[in-house]
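The values are calculated or read from the model by the stated rules, or taken from the named source; none is laboratory data. Bear in mind that the values here come from a model prediction, so they are computed numbers and not experimental data. Because the Cβ atoms are built from the backbone with ideal geometry, glycine has one as well, and the counts that use them run over all protein chains shown. Note: areas computed on protein heavy atoms with side chains; ligands, DNA, RNA excluded. Shrake-Rupley method; radii C 1.70, N 1.55, O 1.52, S 1.80 Å.
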Amino acid sequence: MLDMPAAAEGRPPAPPRSAAGLLAHVLRDLALSYEAECPGGFARFRQALSVESLAVIARFTGAATSDEAAYALARQVHETLLDVEEDVWALHTAAH
């Protein structure tokens, strides 16, 4: 059982992340790990994933219940991948 006075003294709970925020966070971690092992690898990975292929993945994994929702989710993921790639590139160029 949670001890309320002790819990109140600890750090406050983190606010819940949006699905897009969580996705971006996970992808950044993945990208940085990937880049550490294979420079330029994340860009190649991102380029291999078209919006159409991401929509198919979303539809068949159950993440989207319609084709329209699948394409909307795929576009969001694709934009996130582009943002992550830019972040990784900025970190890479700042390190050199």
Using a 1.4 Å probe over the heavy atoms of the protein chains, calculate the carbon and sulfur portion of the accessible area of the range 52-95 as a whole percent. 59
Taking K and R as +1 and D and E as -1, what net charge do the other residues with C-beta under 12 Å from the C-beta of E85 add up to? -2
For the residue pair C38 and S50, what label-to-label distance in nm results when each label sits 7 Å from Cα along the Cα-to-beta-carbon direction? 2.1
Run the numbers for A72 and H92: contour at 0.36 nm per residue of separation, minus the present Cα-Cα distance, in nm. 4.2 nm
Where a ≥ b ≥ c are root eigenvalues of the Cα gyration tensor, a/c under 1.5 meaning rounded, otherwise prolate if a/b exceeds b/c and oblate otherwise, the range 19-94 counts as prolate
In square angstrom, what is the accessible area per residue of the range 19-94 with a 1.4 angstrom probe? 62
